[in-house]
1. State all residues of region 47-79 that are surrounded by fewer than 22 Cβ atoms within 10 Å (Cβ to Cβ), aliphatic (A, V, I, L, M) and in contact with a strand residue (DSSP E or B) (Cβ under 9 Å, 6 or more places away or on another chain); if no residue qualifies, say none.
2. Sort out which residues of region 199-219 are surrounded by fewer than 21 Cβ atoms within 10 Å (Cβ to Cβ), touching a helix residue (DSSP H, G or I) at 6+ places or on another chain (Cβ under 8 Å) and part of a loop (DSSP other than H, G, I, E, B), and write them in order of number.
3. Restricted to region 80-123, and to residues that are open to solvent by 70 Å² or more (accessible area, probe 1.4 Å) and touching a residue at least 24 places away in the same chain (Cβ under 8 Å), which residue is farthest from Arg12 (Cα to Cα)?
4. Would you be able to say whether some residue in region 332-350 is open to solvent by 20 Å² or more (accessible area, probe 1.4 Å), part of a strand (DSSP E or B), touching a strand residue (DSSP E or B) at 6+ places or on another chain (Cβ under 6 Å) and free of Cβ contacts under 8 Å to residues at least 60 places away in the same chain?
5. Going by the structure shown, is Leu150 part of a helix (DSSP H, G or I) and either modelled with pLDDT under 90 or buried (at least 22 other Cβ atoms within 10 Å of the Cβ) (or both)?
6. Is it fair to say Ile250 is part of a helix (DSSP H, G or I), in contact (Cβ under 8 Å) with a residue 60 or more places away in the chain, surrounded by 15 or more Cβ atoms within 10 Å (Cβ to Cβ) and β-branched (Val, Ile, Thr)?
7. Could you please give the count of residues in region 299-331 that are open to solvent by less than 20 Å² (accessible area, probe 1.4 Å) and not in a loop (DSSP other than H, G, I, E, B)?
8. Which condition number does Arg222 fail, the rest of (1) open to solvent by less than 60 Å² (accessible area, probe 1.4 Å); (2) part of a strand (DSSP E or B); (3) not acidic (Asp, Glu) being met?
Amino acid sequence: MHIKSLSVKNFRNYAEETFGFGEGLNVLCGKNGQGKTNCVEAIYYLCTGTSHRTHRDRQLIRMGETAAKMEADVSARYGGVILSAEVTETGREIYINHNKISRSADLLGKLCCVFFSPRELRLIQDGPDERRAFLNVAISQMNRRYYLALQRYGKILDQRNALLKNENRKLIYDTLPVWDAQLSKSAATVAFERQRFMERLAPAAKKCHLYLSEGSEELDVRLERNYTGDEADIEKKLYGDFSGNYDRDIRLGFTGAGPHRDDLSIVINGSDAKNFASQGQTRTAALALILAEVDIFAEETGDAPVLILDDVLSELDLPRRKKLIEKTEGLQTIITCTHASRALCGREATKIQIEGGRIKK
């Protein structure tokens, strides 16, 4: 899979530009604040239907304008596709081959990308929300069933939590079993697919980490809460978790069990990475997870995703930078950096210089 071209109009600091990408290594270079990250943000939006930087689409619109447009010409294993989006101050519309879609689920899988920026260090350093978000984005791009179950789970969970805050205790006890039957079904799909993904991610991440660290460090990653068995077994277990804790949930005012409470345990050389890893170890562990995701994508779909590395290389020492660039062989990779020579490590690449929201050369 690769992006042949990307066009943006009134997007962030771009008036109107078209980027042409090669199938291998692509380097977006320029000083800070020129628009490199804005370019890869547009790609991410056409991949997932969301920005990785803001939840407010109106912030994507260039100052003084009323709408922003993005369009990518994508070549994939099963043919080409044109993905486009128009964002206004009141909403957005997304198109596949110029046909408007009504559900974000229809966009998933058309353009698959794996994204890494310094923000991804939060995977290691911050709370469980960041690690669940990593799992959700990764699995959803490969697994539409997971994405739909996750959406259903979120909606039912909101309804259940609202009920728990009701002052009518009889209403709560009478109604909770109805919500729990629905909640446990969606939750079981989410938990089962996460477990299936983790069975592949853990060994792949360990292997990538050993490669990047040249065998000097070992990474172990797992889900802290393991739901074993098939999906039906997990559904029964989750129903028991929901129905067996009514008093606690009413007291708390929210649902205290379920996949929305999941977390990843990330350990480097036997020590918890969040509390003991150095900045360099944190960056290497996060990169290992991202590269493992790339490998799983390729195995699962038969088509490698686009790898985006936003402002990553400047913080890596030369040996790990070389290892990372070697790992991108055979992938369309888009890298942003201030100096192209730092990114290339001897590799041929398509170089795009950006200055003030314009392609300089």
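1. Filtering region 47-79 down to residues surrounded by fewer than 22 Cβ atoms within 10 Å (Cβ to Cβ) leaves 48-59, 61-67, 69, 71, 73, 75-79.
Filter once more, keeping what is aliphatic (A, V, I, L, M): 61, 63, 67, 76.
Answer for region 47-79, where residues must be surrounded by fewer than 22 Cβ atoms within 10 Å (Cβ to Cβ), aliphatic (A, V, I, L, M) and in contact with a strand residue (DSSP E or B) (Cβ under 9 Å, 6 or more places away or on another chain): Ile61, Ala67, Ala76.
2. Listed by number, the residues that qualify are Glu214, Glu217, Glu218.
3. Only one residue fits best here, namely Lys110.
4. no
5. Working: part of a helix (DSSP H, G or I): yes; either modelled with pLDDT under 90 or buried (at least 22 other Cβ atoms within 10 Å of the Cβ) (or both): yes.
Yes; evaluated as a whole, the condition is true for this residue.
6. yes
7. 8
8. That leaves (1) as the condition not met.
The values are calculated or read from the model by the stated rules, or taken from the named source; none is laboratory data. Bear in mind the structure is a predicted one, so any value in this text is a computation, not a measurement. Backbone-built Cβ (ideal geometry, glycine too); neighbour counts: all protein chains shown. Calculation scope for accessible area: heavy atoms of the full protein, side chains included, ligands and nucleic acids excluded. Shrake-Rupley method; radii C 1.70, N 1.55, O 1.52, S 1.80 Å.
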